[in-house]
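The values are calculated or read from the model by the stated rules, or taken from the named source; none is laboratory data. None of the values given here were measured: they were computed from a predicted structure. Cβ coordinates were reconstructed from backbone atoms using ideal geometry, including for glycine residues, and neighbour counts include every protein chain displayed.
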Amino acid sequence: MLTEFNKFLEQYRIGDYAGLIGLLISLIGFFFTIKTALNSKAASEQATAAVESMRDDMRRGETVADFATALAVMEEIKRMHRSDSLTFLPDRYANLKKFLVSIRTSNPLLTAEDQVGIQSAIAKFSSMETLIETSIRDSKPIEHAKLNGQMSKHYDVIQTLLVRIKNEIGRGN
């Protein structure tokens, strides 16, 4: 019986056909493997893009929060100027500069002109901080109106930038 079965396989070349069918199945499997790998690559690229988009959105949100905080600190500094409460002013100026530096260095939405405006404000606040420290050390009064005028000028610049950044975020840029 085994010899008859072997003769049958040999006579009808079943081994050759089985080999061809095996090759065909292998090629089909290879095709689906490549297709799956390409789909996985595309999905991976989409996930990477989504993560990068989320990071950008988070940076934008942090920037808006930093702008808002910087503006609030500026308002607090103006109040402290008026009340002659100078003791904590150097700390407030340092805090303000920290937020402005963070905004300047981590925001891709800022133009070169914006960067210059923020850097100008940082430099001005540094000189105002030094003036306050000198005033505290020498027990000299400060000129409220002059300091608040300078603060208001930079406040307007920062507020304008904040509004523009919010509008750009709203448009999806």
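Restricting attention to region 133-163, the residues that are in contact (Cβ under 8 Å) with a residue 12 or more places away in the chain and either closer than 21 Å to Leu71 by Cβ or not acidic (Asp, Glu) (or both) add up to 17.
Hey, does region 146-168 have a residue that's closer than 14 Å to Asp84 by Cβ and small (Gly, Ala, Ser)?
no
Scanning region 65-76 for residues that are surrounded by fewer than 16 Cβ atoms within 10 Å (Cβ to Cβ) and among the aliphatic types (A, V, I, L, M) gives Ala65, Ala68, Ala72.
Only residues that are β-branched (Val, Ile, Thr) and surrounded by 13 or more Cβ atoms within 10 Å (Cβ to Cβ) were counted across region 148-171, and they come to 4.
Scanning region 101-108 finds one or more residues that are surrounded by 16 or more Cβ atoms within 10 Å (Cβ to Cβ) and not in a helix (DSSP H, G or I).
All told, Phe67 meets the bar of being of a type in the set (Phe, Trp, Tyr) and modelled with pLDDT under 90.
Scanning region 124-147 for residues being part of a helix (DSSP H, G or I), over 32 Å from the mean Cα position of the chain (by Cα) and surrounded by 12 or more Cβ atoms within 10 Å (Cβ to Cβ) gives a total of 9.
Kindly check whether there is at least one residue in region 155-171 that is modelled with pLDDT of 90 or more, in a helix (DSSP H, G or I), of a type outside the set (Lys, Arg) and over 25 Å from the mean Cα position of the chain (by Cα). Checked region 155-171: no residue is modelled with pLDDT of 90 or more, in a helix (DSSP H, G or I), of a type outside the set (Lys, Arg) and over 25 Å from the mean Cα position of the chain (by Cα).
Each row is one residue, and each column tells you yes or no for (1) within 23 Å of the chain's Cα centre (by Cα); (2) among the polar types (S, T, N, Q); (3) at pLDDT 85 or above.
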site	(1), (2), (3)
Glu45	yes, no, yes
Met54	yes, no, no
Met74	no, no, yes
Ile77	no, no, yes
Met80	no, no, yes
Asn95	yes, yes, yes
Ser102	yes, yes, yes
Ser106	yes, yes, no
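Could you please find all residues in region 110-129 being over 17 Å from Leu71 (Cβ atoms) and either without any contact (Cβ under 8 Å) to a residue 12 or more places away in the chain or among the hydrophobic types (A, V, I, L, M, F, W, C) (or both)?
Listed by number, the residues that qualify are Thr111, Ala112, Glu113, Gln115, Val116, Ala123, Ser127.
Residue-wise test of (1) surrounded by 11 or more Cβ atoms within 10 Å (Cβ to Cβ); (2) assigned to a helix (DSSP H, G or I); (3) free of Cβ contacts under 8 Å to residues at least 40 places away in the same chain.
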position: Leu38; (1), (2), (3): no, yes, yes
position: Ala50; (1), (2), (3): no, yes, yes
position: Ser53; (1), (2), (3): no, yes, yes
position: Lys78; (1), (2), (3): yes, yes, no
position: Leu86; (1), (2), (3): yes, no, no
position: Lys98; (1), (2), (3): yes, yes, yes
